[in-house]
Amino acid sequence: MPVIDTHAHVTPERYKQAIRTRGEWYGLDEHPGELGFGKFDISLPDRLAEMDALGVDMQLVTPTVGFYQYANELSKTRLINRECNNEIAEMVEQHPTRFAGMGIVPMQDPPSAIAEMERVMLELGMKGVVISDHVAGRTYDDPDFLPFFAAAEELGAIVFFHQSQDTIIAKRNSRYKLPNAVGNLTERALVYATLVFGGVLDRFPDLKPLLAHGGGYTAYGVARMDKVAGALEAGEGMTPVFKGNDGFSQQLAPSEYLSRFYYDCCTYSGSVLRFLIDAVGIERVVLGTDYPAPMVLADCVNWVRGLPELEHDEKEAILSENPARLLGFSG
Ligand SMILES: [Zn+2]
């Protein structure tokens with residue numbers, strides 16, 4: 001079965017060419033494409049050669065995070081998102097066995113986000129969308145986002161949660177790359193908690209949420225969510241341990257939603273990956289590397305295959321079977 005990497009990014013060629021020739025693309029400069037950082041300026045032929053060397057048959061690609069542009073004027077964001085999505089669709093069309101795609105959508109305006117998600121799913125044949133962990137600080141328990149999740153469920157779109165720009169940690173300490181090292185993982189746990197406590201997963205049980213970086217601190221911290229929600233105490237129903245209960249609306253113990261999400265294996269640690277698998281179930285974990293960022297899970301296929309903490313069947317599930325099922329390539 002093909003090896004499929006579900007977490008890989010693309011800085012579009014049309015952006016790179018515009019930056020090289022005139023230094024500008026829809027009002028953006030050289031920063032959003034992260035040119036000169038990691039391997040974001042890699043050419044398509046070089047990418048394919050590197051995938052061959054790594055043993056990766058297919059990448060599920062998304063535009064680089066700088067192109068999400070939630071803080072830009074809506075009309076500009078729509079254009080930038082659309083152009084990025086068109087380029088991803090062209091990559092998939094040219095190399096249908098090597099790439100599948102997910103688009104970016106203007107989440108600052110949910111109706112526009114829904115319209116672009118419908119276009120990428122129905123016209124461009126993509127597998128889903130990638131969205132930031134929050135939208136200008138707003139989390140996804142905000143009722144304004146309910147129509148977006150309803151549409152994603154209806155379309156069968158994967159919703160890939162990924163950081164963009166500063167994470168919440170930057171407000172406290174932005175040295176030592178903490179907004180990346182700690183922030184990304186914190187944001188992912190916040191996504192999980194707000195989707196679960198906000199009742200989004202109850203309303204949309206067929207949603208396909210994919211959490212980058214192994215879901216961050218989610219699996220490690222979910223028992224505390226259970227405790228807060230009153231789900232650890234014996235007896236019928238949940239009784240939150242604090243009075244006033246802050247409007248919890250989830251129907252089940254928070255930990256019971258772990259198996260509703262997908263998680264990439266980008267943990268950099270075999271023992272952490274083992275913990276994740278034991279917490280969420282082997283069928284929910286997929287190969288995801290963050291290629292071609294500096295934080296890439298290096299030599300990913302050999303890394304997974306060499307882990308002493310995993311069984312042979314688990315490795316094959318992560319590398320091939322689970323991504324294929326997530327992408328709808330197999331039952
Ligand atoms: Zn990434």
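Just so you know, all these numbers are worked out from the coordinates, no wet-lab data involved. No experiment lies behind these values; they were computed from the predicted model shown. Heads up, the Cβs are rebuilt from the backbone with ideal geometry, glycines too, and the neighbour counts pull from every protein chain shown.
Taking the DSSP bridge list for the stretch 4-326 and keeping only pairs wholly inside it, about 10 percent are antiparallel.
Among ARG175, ARG20, ARG224, the order by Cβ neighbours within 10 angstrom, fewest to most, reads ARG175, ARG20, ARG224. Each Lys and Arg Cβ is given +1 and each Asp and Glu Cβ -1; about its Cα centre, the stretch 4-326 then shows a dipole of about 760 debye.
Size of the stretch 209-304 from its Cα atoms: along the principal axes, largest to smallest, the extents are 49, 22, 19 Å. When restricted to Cα atoms, the stretch 54-154 yields an Rg and a Dmax of 13.6, 43 Å, respectively. Each other residue within a Cβ distance under 14 Å of HIS134 adds +1 if Lys or Arg and -1 if Asp or Glu, for a net charge of -3. I'd like the orientation of helix 13-22 relative to the chain: the angle between its Cα long axis and the longest Cα principal axis, in ° from 0 to 90, rounded to 10. Between helix and principal axis, roughly 60 degrees. Helical runs assigned H by DSSP (4 residues or longer) give the chain a calculated mean residue ellipticity at 222 nm of -10500 deg cm²/dmol, each run adding -39500 (n - 2.57) before division by the residue total.
Stokes-Einstein diffusion for the chain at 25 °C, viscosity 0.890 mPa s, with a Kirkwood radius from C-alpha pairs, works out to 121 µm²/s. In this structure the amide hydrogen of VAL61, modeled in the peptide plane, comes within under 5 Å of the amide hydrogens of ALA100, GLY101, MET102, none closer than 5 places in sequence on its chain.
Take every pair of alpha-carbon atoms less than 8 Å apart whose residues are at least six positions apart; their mean separation over the length of the stretch 4-326 yields a relative contact order of 17 percent.
By how many degrees, between 0 and 90 and to the nearest 10, does the Cα long axis of helix 44-54 differ from the longest principal axis of the chain? Between helix and principal axis, roughly 50 degrees. Close amide H contacts of TYR291 (hydrogens built in the peptide plane, cut-off under 5 Å, sequence separation of 5 or more or a different chain): HIS9, LEU297.
Beyond 29 Å in Cα-Cα separation lie the following of the pairs LYS16/LYS315; LYS177/LYS227; LYS76/LYS127; LYS127/LYS227; LYS208/LYS315: LYS16/LYS315; LYS177/LYS227; LYS127/LYS227. Cα convex hull, the stretch 155-263: 115 Å³ per residue, rounded to a whole number.
What is the local net charge at LEU178, summed over the other residues whose Cβ is closer than 14 Å to its Cβ (Lys, Arg +1; Asp, Glu -1)? Kindly include the intermediate steps, with their values, before the conclusion.
On the way: positive: LYS171, ARG172, ARG175, LYS177; negative: ASP166, GLU187.
Neighbourhood net charge equals +2.
Taking θ as phi - 60° and the Karplus parameters 6.51, -1.76 and 1.60, the scalar couplings of the stretch 213-225 work out to 6, x, x, x, 7, 4, 4, 6, x, 5, 5, 5, 5 Hz in sequence order, x denoting glycine and proline. Any idea what angle helix 270-280 forms with the longest principal axis of the chain, computed on alpha-carbon atoms, 0 to 90 degrees, nearest 10? The angle comes out at about 60 degrees.
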